[in-house]
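The values are calculated or read from the model by the stated rules, or taken from the named source; none is laboratory data. Quick caveat: nothing in here was measured; it's all calculated off a predicted structure. Cβ placement follows ideal geometry from the backbone for every residue including glycine, while neighbour counts extend to all protein chains displayed.
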Amino acid sequence: MKLLAIETSCDETAICVIDADGTIDNFRYKQVGNALFSQVELHKQYGGVFPSLAKREHAKNLVPLLIEALTQAALLSPAARPSASKAQLDELKILLTREEELFARLMLFFAQYDKPAIDAIAVTHGPGLEPALWVGINFARALSIIWNIPLVPVNHMEGHIFMSLDEPTRDPGVHTLNAPEFPLLALLISGGHTEFVHMSEWFAYQRVGVTRDDAIGEAFDKVARLMGLPYPGGPEISRRAHVAREADLKAPFTLTRPMLQSGDLDFSFSGIKTAVRKEVEALGGGETLTEEQKNMVAREFEDAVTDVFVKKTRRAIEEFGTATLIIGGGVAANRYIKEKLQELCTEQQIAFLVCNPKDATDNALMIALAGYFRFLRKEFAGEVLVAEGNLLLT
């Protein structure tokens, strides 16, 4: 079957098409179309994602990206007559009352192109920035109405889990899923989320640890801002921390390891951000730090949060008898965190899975993968699709 996936949870507008078949135990797919627009450059001036700007950019870019992805998949054909009836367009006009530009772009799209040979649509329904989510959700609903095909809501965090299980086969372009041994522990770390999810079997999720304040990606960005480093802060801090380790440079202070002794699996990163601010001010402030000082601060911060992840993950592995650890989300691309968690898994003699760094940040493929299996389970959206933020727990 061919499935179209849409992701607009934050500042990436992404659409992809996969050609997939099989069940979760013998799954194979090809990504036949993929289009993405990153808004990072637009949000740099704010030092983070500005929700109303993200929403506007999604509305502007969804139709062009749809055309690009369908063209790549060889699924776009000129229409002999408009593919949407007047009654359907009237329904869309009500649905997209607050998205006039998107409605106008869709009107033109349906007038120009035939219905593609798509079997289902998957869309991120949460968690994420609500204004951004709703643009993607209503766009997906519009396509579902006009094309008369099922719409599958997908949890963003479940998408990260499936993306971390992705594995290429020997056939060019064909991928499958790793067959993990259960129980499985997922450490999901990104700009908006830091959480442990325990899986006793497929689709049985239990959130067993969360951040009580800042997510780790948010903490990286805020610490980078304190040091006068560009947004997004994670890659730059990681790069500088690596330089400091290579030169054996250490900061003249030791940061707190937040909640290291808390006895639970929760996280907190607001305190370490405050501690970095005080140390940076003691060194003269972000504007006056030397390159060497920035590298040392970056190393100490990355060391501190990695120590927390390793100790908390060790505790979780022992508590749940974990057989497989996966890490997903944008911060899963951090080389040092991955290395230390890999060492932990080797020590504990358990499997360690992590997605390709290029797929760690938000993308439509991860929504397609999770959406395919939700489609097989016949978990379709009803008339009302709510943008909610909780991981499905069973």
Problem set entry | Condition check for Leu89: surrounded by 21 or more Cβ atoms within 10 Å (Cβ to Cβ) and farther than 30 Å from Ile24 by Cα | no
Exercise. Would it be correct to say that Gly321 is in the same structural domain as Val243 (by TED's automatic domain parsing), at pLDDT below 95 and not aliphatic (A, V, I, L, M)?
Worked result: no
Problem set entry | Condition check for Leu188: aliphatic (A, V, I, L, M) and modelled with pLDDT under 95 | no
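I need a count of the residues in the range 87-102 that are free of Cβ contacts under 8 Å to residues at least 12 places away in the same chain and either within 17 Å of Asn138 (Cβ to Cβ) or of a type in the set (Asp, Glu) (or both).
Looking only at that region, the number is 6.
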For this session: Mind telling me which of the residues Ile145, Ile121, Ile149 ends up being more than 24 Å from the chain's Cα centre (by Cα) and closer than 30 Å to Ala204 by Cα?
Result: Ile149
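Across the range 272-292, which residue is surrounded by the most Cβ atoms within 10 Å (Cβ to Cβ) among those that are touching a residue at least 40 places away in the same chain (Cβ under 8 Å) and assigned to a helix (DSSP H, G or I)? Spell out how you get there, then give the answer.
Our first condition is that a residue be touching a residue at least 40 places away in the same chain (Cβ under 8 Å); within the range 272-292, this holds for 272-273, 276-277, 280, 286-287, 289, 292.
Adding the requirement that they be assigned to a helix (DSSP H, G or I) leaves 272-273, 276-277, 280, 292.
Values: Ile272: 23, Lys273: 20, Val276: 25, Arg277: 17, Val280: 21, Glu292: 13.
So the residue we want is Val276.
For the range 53-95, which residues satisfy the criterion of being among the hydrophobic types (A, V, I, L, M, F, W, C) and not in a helix (DSSP H, G or I)? Walk me through how you get there before you give the answer.
From the range 53-95, those among the hydrophobic types (A, V, I, L, M, F, W, C) are 53-54, 59, 62-63, 65-67, 69-70, 73-76, 79-80, 84, 87, 89, 92, 94-95; that's our starting set.
Those that are among the hydrophobic types (A, V, I, L, M, F, W, C) and not in a helix (DSSP H, G or I): Ala73, Ala74, Leu75, Leu76, Ala79, Ala80, Ala84.
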Problem set entry | Criterion violated by Ala298 - all others in (1) more than 13 Å from Leu226 (Cβ to Cβ); (2) surrounded by 21 or more Cβ atoms within 10 Å (Cβ to Cβ) satisfied | (1)
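If a residue must be over 18 Å from the mean Cα position of the chain (by Cα) and not polar (S, T, N, Q), how many such residues does the range 124-142 contain?
Number of matching residues: 4.
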Exercise. Say we look at the range 3-41 and pick out the residues that are surrounded by fewer than 16 Cβ atoms within 10 Å (Cβ to Cβ) and within 20 Å of Gly330 (Cα to Cα); which of these is modelled with the highest pLDDT?
Worked result: Ser38
For this session: Would you be able to tell me the number of residues in the range 42-65 that are polar (S, T, N, Q) and either surrounded by 15 or more Cβ atoms within 10 Å (Cβ to Cβ) or under 17 Å from the mean Cα position of the chain (by Cα) (or both)?
Result: 1
Exercise. How many of the residues in the range 25-48 are outside any helix (DSSP H, G or I) and under 26 Å from Leu133 (Cβ atoms)?
Worked result: 12
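Has the range 64-86 got any residue that is within 22 Å of Ser190 (Cβ to Cβ) and free of Cβ contacts under 8 Å to residues at least 60 places away in the same chain?
Step one: filter the range 64-86 for residues within 22 Å of Ser190 (Cβ to Cβ), giving 65.
Filter once more, keeping what is free of Cβ contacts under 8 Å to residues at least 60 places away in the same chain: 65.
Checked the range 64-86: at least one residue is within 22 Å of Ser190 (Cβ to Cβ) and free of Cβ contacts under 8 Å to residues at least 60 places away in the same chain.
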Seminar exercise, completed: Gln349 meets each of (1) in contact (Cβ under 8 Å) with a residue 12 or more places away in the chain; (2) farther than 21 Å from Ala215 by Cα with one exception, condition (1)
For this session: Looking for whichever is without any contact (Cβ under 8 Å) to a residue 40 or more places away in the chain, among the acidic types (Asp, Glu) and in contact with a Leu (Cβ under 9 Å, 6 or more places away or on another chain) here; the options are Glu158, Glu167. Which one fits?
Result: Glu167
